[in-house]
Every structure is written in C-alpha cells, then in structure tokens.
Amino acid sequence: MSKTPSFFNFSVNSILSHKHTTLDVARIKLLYYGLALSFFTSLMLFFGVLNNQYLIIGSITATLTVVSAILFKYLTYRPHYRTISHIALIVGTIAYLINIYVARQGVDAISVGVIVLIMLFSFNMLGPKMGYLYSALTIVPSLLLLLLQNGNSFLITLKPEKVDEATFIISLTACLVMVLFVYSHFYASFIRALRQLSETTERQHSLSAQFESAIEKANKSSEAKSEFLSTMSHEIRTPLNAVIGMTDLLMMGGPRPDQKENLEVLKFSAGNLLSVVNDVLDFNKIESGKLVFEKTRLNLYDLMHSICGGPSITARQKGLNFTLDVETLLKKKALFGDPTRITQIVFNLVSNAIKFTTDGNILVKVACVEDRHDRLTVNFLVMDTGIGIPRERLDVIFEPFTQESVSTTRQYGGTGLGLAIVKRLMELQGIKINVKSTVDKGSEFSFNMEFPVATEKPVVVSKKTPLTIQTEAEAFGAIRLLIAEDNPVNVMLMKKLLSKWNITPFIAENGERAVEFVQYGNFDIILMDLQMPVMNGFDAAVEIRKMADPKKSKIPIIALTASALFDIKERVYESGMNAYVSKPFKPDDLYEKILNLVPSMPDIKFQNIPAAL
C-alpha cells in the first residue's frame with residue numbers, strides 16, 4: 001500500500017509500500033513483531049520482579065515496556081525503521097549496562113543472550129558499520145566488568161539484586177526466543193530474496209530473448225522496408241524515366257502551341273511526382289543513419305549559381321524578383337564539402353520560399369563571415385516576402401510530413417518533407433538553422449557552415465579539342481555500345497537519345513544475353529540496367545569481369561537503374577562496374593561518364609538534347 005497510515009493504525013500491511021525493497025519489508029516486519037514481543041516480555045518480567053521488590057530491575061523492565069509500546073506505535077504510524085532501530089538499540093544497550101554494572105553486578109547467561117541479540121539486531125537492521133558499533137558497546141563493557149571482578153576491584157557498593165529461578169528462566173527464554181526470531185526472520189527473508197532474484201533473473205532472460213527477437217524482427221522489418229522502397233522506387237522511376245524523356249523528345253519535335261502547352265503540363269506533373277519520390281527516399285535514408293557526407297573539392301560561387309539557376313526561372317515565371325548575392329571572395333576560394341547535400345539544403349529552402357510567395361522578392365545571399373586561411377565560415381541566407389509562419393508553429397514546420405497548416409498543404413501541395421530533410425542534414429553536421437518569420441510579411445532562414453579550404457593550387461586538366469558538328473557523325477560511328485535493358489520503353493528512349501549522338505547501340509534484354517554479347521562481340525562500353533530477369537546487372541557484371549580476355553573483362557560498365565537502395569553504389573562498385581547513373585538521368589551526366597570511361601570518345605558539344613531522361 002502507498003497510502004499514509006492513520007495515527008490509530010496497528011496493521012503492519014498498512015505501513016508497507018511498493019517503494020520498500022524486500023530487505024526494507026523484512027526489517028519493518030522484524031521491528032513490528034519484535035517490539036510487540038518485547039513489550040509483552042518486559043511487561044511479564046515487570047510484574048514478576050515487582051513482587052520481589054527488585055527496584056532497579058523493576059525500573060529497567062518498566063522502561064523497556066514503555067519504550068517498546070511507544071516505538072511500536074510510532075512504527076505503525078511512520079515506518080522509519082532506521083530511527084526506531086537506533087532508539088531501541090540505545091535504550092537496550094543502556095538498560096543492559098545498568099543491569100550488569102548496577103542491578104546484577106555480573107555477567108551471566110542472560111547477559112550473553114542479550115549481547116548476541118544486540119549483535120544480530122544491529123547488523124541486520126543497520127548494516128555492518130552500526131553493527132560493529134553497538135556490538136562493541138555491549139561486549140567491551142562486559143569484558144571490562146569481568147576483568148574488574150577477577151581483580152576484586154569492583155567499586156560499586158550497592159547490593160546486587162538476585163532474581164528468583166522463575167524470573168531467570170523467563171528472562172533467558174525471552175532472550176533466546178528473540179535471538180531465534182531475529183535469526184529465523186532474516187534467514188527466511190534471505191531465502192525469499194534469493195528466490196525472487198532467481199525469478200527476476202529468469203524474467204530478465206525471458207525479456208532478453210524477447211528483446212533479441214524484437215530486434216531481429218525490427219532488422220528484418222527495416223530490411224523489408226528498404227527492399228520495398230527500392231522496388232517501389234524502381235517501379236515508379238522506370239515509367240517516370242520514360243514519361244519525362246519522351247516528353248522532352250516530343251517537345252524537341254516542334255509541336256503546335258496547344259500541344260506544347262499540354263506537354264509542359266505533363267512534364268511539370270512528372271517532375272513533381274519525381275520530387276515527391278526523391279523526398280521520401282532521401283528522408284528515409286537520413287532517418288536510417290546510412291547517409292555519408294562527402295568531402296570533395298568545390299567552388300561555392302559556381303555551385304550557388306548552378307543551384308539557383310532553375311529556381312530563379314520559376315520565380316520570374318511567378319512574377320517574383322529573384323536576387324542571388326554571392327560574395328565575390330568565394331569565387332576565388334576552392335573549398336571541400338558535399339555539393340550534393342549543399343544543393344539539397346539550399347534548393348529546398350529556395351523552393352519553399354518561391355512556393356509560399358505570391359508577390360514580392362526572393363533573396364539568396366551567401367557571405368563569408370570568418371576566414372581563417374585553412375577554414376572558411378560561410379553564412380547562407382534565404383529571405384522571402386511570402387505568407388510567413390506564426391511564432392507558435394516555427395518548430396512544427398521542421399517535423400516530417402508537416403506543413404504550417406492543413407490549408408497550406410491543400411493550397412500549396414507538397415509532402416512536408418523539404419524542411420525536415422534540411423533540418424536532419426544540418427543536425428548530422430552539427431549546424432543550427434535560424435528562422436525569423438512574420439505572418440503576411442515573409443520568412444528568413446539562415447545558417448553558418450564551415451568549409452576546409454584547399455590551399456594547394458588546382459591541377460589544370462587539358463581537355464580534348466571539341467569536334468565540329470560536321471565530324472560528329474564520323475566520330476560517334478566508331479563507338480560500339482551495348483545496352484542491357486529489359487524495359488522496351490526505356491530501350492526505345494535510349495535508342496532515340498543515342499541517335500542524337502549518331503550511335504546505334506546493341507540491345508541485350510537481360511544480363512545473361514549481355515554476357516553472351518560480350519563473349520562473342522567487341523564493345524567499347526556497356527550501359528547495364530540492374531534489375532532484369534534471368535540474370536540481374538550485378539551478376540552479369542561479375543561474369544564479365546571473370547572473362548579470360550582482358551579486353552573483354554575490362555570493358556567499362558555504367559550502371560543505369562531506377563533503384564534507390566541505400567547501398568546501391570557500394571554494390572555497383574563491388575560487382576566491378578565503373579560508374580552509376582540514376583534514372584531519370586540527365587543526358588549530360590551520361591555523356592560525361594561515357595567520355596571519361598572511353599578514351600576514344602571525342603568531346604562533342606551537341607545541341608537539342610533533352611534535359612532529363
């Protein structure tokens with residue numbers, strides 16, 4: 001029970017609480033029954049010695065009777081067992097010393113029993129330290145008394161009180177019963193504690209087994225979720241690749257104005273869907289703890305202009321004034337950082353600013369706040385004159401799948417993951433984002449990011465001399481390219497793209513056929529889809545790398561996939577492939593990778609190539 005007992009309580013169960021340990025319960029019960037036994041024993045001895053007119057012993061027994069009653073009542077009102085134990089031991093020790101030095105003037109069997117009782121009681125109730133103290137307070141004076149008696153130097157002149165046989169038997173019996181009770185009580189408590197410990201251990205083993213099972217299920221669930229996301233990503237990105245690519249190709253074909261408007265709506269909708277898919281996958285990658293930040297050389301001035309190129313066009317289409325202000329000092333600085341994550345952070349902030357601003361200005365400002373030669377601290381600021389955010393909602397906007405309000409979601413759309421991704425990316429780098437916002441006046445997002453500075457001079461790489469359009473067909477005609485792809489729409493799309501480069505590819509519908517093509521043919525490069533029937537792209541790459549002919553085993557392989565599994569890049573390189581391009585992809589990216597992997601590939605400036613496939 002946990003309720004405070006009343007003053008008139010006499011039940012031991014009423015003073016026990018769930019806060020008490022097993023040892024505390026044993027101590028409280030010992031005091032409860034021990035004080036009750038002490039009261040009745042002292043009362044019997046008091047009436048026994050009173051008839052024989054033993055004044056000193058009678059006073060001692062009367063005092064013990066009263067003290068036992070008071071302590072018993074105090075215990076049933078407030079179970080402060082340590083305080084009560086100290087009082088009982090102090091009174092008992094004083095009564096014992098008066099009895100052996102004044103009343104009885106000697107040490108007998110009853111005295112030995114009292115010493116043992118005080119030792120057991122003090123050790124079990126108060127622990128070793130107090131046990132040694134109270135034991136010494138009874139043993140040392142008893143030994144001293146024996147020495148004094150042996151030397152006939154006992155100075156007390158009072159006549160000793162000799163109790164009768166009945167009183168002696170009652171006293172000795174009571175003492176032995178108390179000793180037996182204390183020992184048996186704590187022995188039973190000890191056995192009970194061991195049993196409870198055994199049961200607790202068994203429960204812990206059971207809980208550990210359940211916990212391990214839960215961890216295993218969680219890991220399997222996490223793996224299943226990753227596989228599910230990878231599969232869904234592939235299934236969604238694959239048709240999106242075709243939709244966006246074919247839309248670009250149709251727009252290149254000179255459509256009528258009404259057709260062009262429909263194609264732009266189609267491309268815009270596909271782009272939005274791709275953005276939603278990317279947000280979900282990126283957030284899941286961050287939450288899983290599998291995100292790794294890169295440290296690559298970058299020019300922040302050029303990177304910011306690249307990031308804000310697309311959003312600036314979108315802003316101007318909405319009638320907004322878009323300003324990008326990058327400090328010119330950064331133009332001359334070569335920094336180390338993760339351009340992908342910087343792009344993700346800035347792009348999300350700028351896109352949000354444009355989305356929630358219907359009239360006014362968008363300002364993106366990047367300035368150096370501290371230059372320490374080898375390290376540079378840069379402040380990023382994105383300011384808008386949009387709808388603003390109420391003060392009480394400033395923390396909520398960074399939660400996943402959450403926007404400022406339901407009406408905001410309905411009016412402006414989106415997943416509500418943009419700012420959540422921004423915050424998680426910053427937290428992983430130990431960066432704090434600051435937000436200032438006023439409703440109907442606009443918002444301001446800012447943060448500081450530190451970059452290591454590249455002190456060595458950049459290595460100038462000589463570029464291949466660009467070929468003219470007249471020599472393009474001749475140069476490309478010599479490249480032998482194999483595509484391993486099972487999706488007929490993607491095959492058609494790749495053929496149309498490569499035809500712009502005057503390349504006629506060979507097509508393998510699965511990994512097994514790709515291996516056969518390589519065995520019996522000669523190719524300069526392979527574009528390998530990863531998820532194919534019969535044999536997937538990973539296994540096909542491994543088989544190609546095992547070939548005896550070094551020309552065949554070392555053919556450059558570029559992975560083309562719509563999968564978004566977290567360790568996809570690691571698996572690509574472990575299987576022996578050279579590069580990775582994610583669908584939907586930009587033709588420029590694919591072209592650059594082919595250029596780097598095929599030495600004979602010319603650096604051609606081509607035109608009218610779709611922006612994303």
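Just so you know, all these numbers are worked out from the coordinates, no wet-lab data involved. Not measured: the values here are computed from a predicted model. No Cβ is skipped: glycine too gets one built from the backbone with ideal geometry, and neighbour counts run over all protein chains shown.
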> Under a point spin-label approximation (7 Å from Cα along Cα-to-Cβ), what is the A334-S213 distance to one decimal in nm?
Replying inline: 5.9 nm
> Among all the lysines, which ones have a C-alpha under 21 Å from K295's C-alpha, if same-chain residues fewer than 8 places away are not counted?
Replying inline: K285, K331, K332, K333, K423, K432, K457, K569, K593
> Relative to the first principal axis of the alpha-carbon coordinates of the chain, what is the inclination of helix 128-150, with its axis defined by its Cα atoms, in degrees from 0 to 90 and to the nearest 10?
Replying inline: 20 degrees
> For V12, V453, what's the fewest-to-most ordering of other Cβ within 10 Å of each Cβ?
Replying inline: V453, V12
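Could you work out how much longer the chain between D258 and E516 gets when fully extended? Use 0.36 nm per residue separation minus the Cα distance between them, nm to one decimal.
88.2 nm is the gain from fully extending D258 to E516.
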>> Among P556, A218, G521, whose Cα projects farthest towards the positive end of the dipole of the chain, with charges put on the beta-carbon of Lys, Arg (+1) and Asp, Glu (-1)?
In response: A218
> Given the chain, what percent of its DSSP beta bridges are antiparallel, to the nearest 5?
Replying inline: 55 percent
> Just going by the charge dipole of the chain, with Lys and Arg at +1 and Asp and Glu at -1 on Cβ, which of I354, P533, F46 is farthest out on the positive end?
Replying inline: F46
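What is the percent of Cα-Cα separations in the range 293-452 that go past 22 Å? Before the final figure, lay out the partial values.
Values: 5085 of 12720 pairs.
Percentage above 22 Å: 40.
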>> Within a 10 angstrom radius of the beta carbon, how do T22, T138, T200, T357 rank from fewest other beta carbons to most?
In response: T200, T22, T357, T138
> With each run of n ≥ 4 DSSP H residues scored as -39500 (n - 2.57), what mean residue ellipticity at 222 nm is computed for the chain after dividing by its residue count and rounding to the nearest 500 deg cm²/dmol?
Replying inline: -19500 deg cm²/dmol
> Hey, if you drop one equal point scatterer on each alpha-carbon of the range 469-597 and run the Debye formula without solvent, what base-10 log of I(q)/I(0) do you get at q = 0.12, 0.14, 0.20 Å⁻¹?
Replying inline: -0.41, -0.57, -1.20
> R0 = 56 Å: FRET efficiency of S269 with F10, Cβ-based, nearest 0.05?
Replying inline: 0.10
> Using a simple spin-label model with points 7 Å from Cα along the Cα→Cβ vector, what separation in nm is obtained for K159 and T455?
Replying inline: 10.6 nm
> In whole angstrom, how far apart do the alpha carbon centroids of the range 55-110 and the range 111-152 sit?
Replying inline: 14 Å
> When the distances between all Cα atoms of the range 95-189 are binned every 10 Å from zero, what whole-number percent does each bin get?
Replying inline: 15, 42, 31, 11, 1
>> Under a Cβ-only charge scheme (Lys and Arg +1, Asp and Glu -1), can you give me the dipole magnitude of the chain about the Cα centre, in debye to the nearest 20?
In response: 1280 debye
> Of all trypsin sites (Lys or Arg not before Pro) in the range 110-203, which ones are in loop regions per DSSP and have a Cβ with at most 15 other Cβ atoms within 10 Å?
Replying inline: K162
> Relative to the first principal axis of the alpha-carbon coordinates of the chain, what is the inclination of helix 165-252, with its axis defined by its Cα atoms, in degrees from 0 to 90 and to the nearest 10?
Replying inline: 10 degrees
> Among V243, S171, I433, whose Cα lies farthest out toward the positive end of the dipole of the chain, if unit charges sit on the beta carbon of Lys, Arg (+1) and Asp, Glu (-1)?
Replying inline: S171
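For the range 523-584, what number results from the quotient of the Cα radius of gyration and 2.2 N^0.38 Å? Spell out each step's value before the answer.
Values: Rg = 11.2 Å, N = 62, 2.2 N^0.38 = 10.6 Å.
Against the compact-globule rule of thumb, the ratio is 1.06.
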> Which length gain, in nm to one decimal place, applies between F181 and A36 when the Cα-Cα distance is subtracted from 0.36 nm times their residue separation?
Replying inline: 51.0 nm
> How many nm is it between the label spots at I87 and T63, if each spot is 7 Å from the Cα in line with the beta carbon?
Replying inline: 1.6 nm
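Could I get the Rg over Rh figure for the range 13-163? Both from C-alpha atoms, Rh via Kirkwood, rounded to two places. List each step's numbers first, then the result.
On the way: Rg = 16.8 Å, Rh = 16.5 Å.
Looking at the range 13-163, the ratio lands at 1.02.
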> Calculated FRET efficiency, V489 and H305, Cβ-Cβ r, R0 41 Å, to nearest 0.05?
Replying inline: 0.70
>> Please compute the Kirkwood hydrodynamic radius of the chain from all pairs of different C-alpha atoms, in Å with one decimal.
In response: 33.1 Å
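So, with +1 on the Cβ of K and R and -1 on the Cβ of D and E, and no other charges, what is the size of the charge dipole of the range 526-593 about its Cα centre, to the nearest 20 debye?
Working: 10 positive and 10 negative charges, 40 e Å.
Using Cβ point charges on Lys, Arg, Asp and Glu, the range 526-593 gives about 200 debye.
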> Once the piece of chain linking K551 and I70 is laid out straight, how much longer is it, given 0.36 nm per residue of separation minus the C-alpha distance between them?
Replying inline: 163.0 nm
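When only C-alpha pairs under 8 Å and at least 6 residues apart count, what is the relative contact order of the chain, in percent?
Once normalised by length, the contact order is 10 percent.
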> Mind checking the angle between helix 587-597 and the chain's longest principal axis? C-alpha axes, 0 to 90 degrees, to the nearest 10.
Replying inline: 90 degrees
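Which FRET efficiency value, to the nearest 0.05, is calculated for V140 and Q429 with the Förster distance at 60 angstrom and r the Cβ-Cβ distance?
Details: r = 70 Å, r/R0 = 1.16.
That gives a FRET efficiency of 0.30.
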>> I need D338, D589 ordered by Cβ neighbour count within 10 Å, fewest first.
In response: D589, D338
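Treating only the Cβ atoms of Lys and Arg (+1) and Asp and Glu (-1) as charged, compute the dipole magnitude of the range 13-163 about its Cα centre; round to the nearest 20 debye.
Numbers: 10 positive and 3 negative charges, 73 e Å.
Roughly 340 debye, rounded to the nearest 20.
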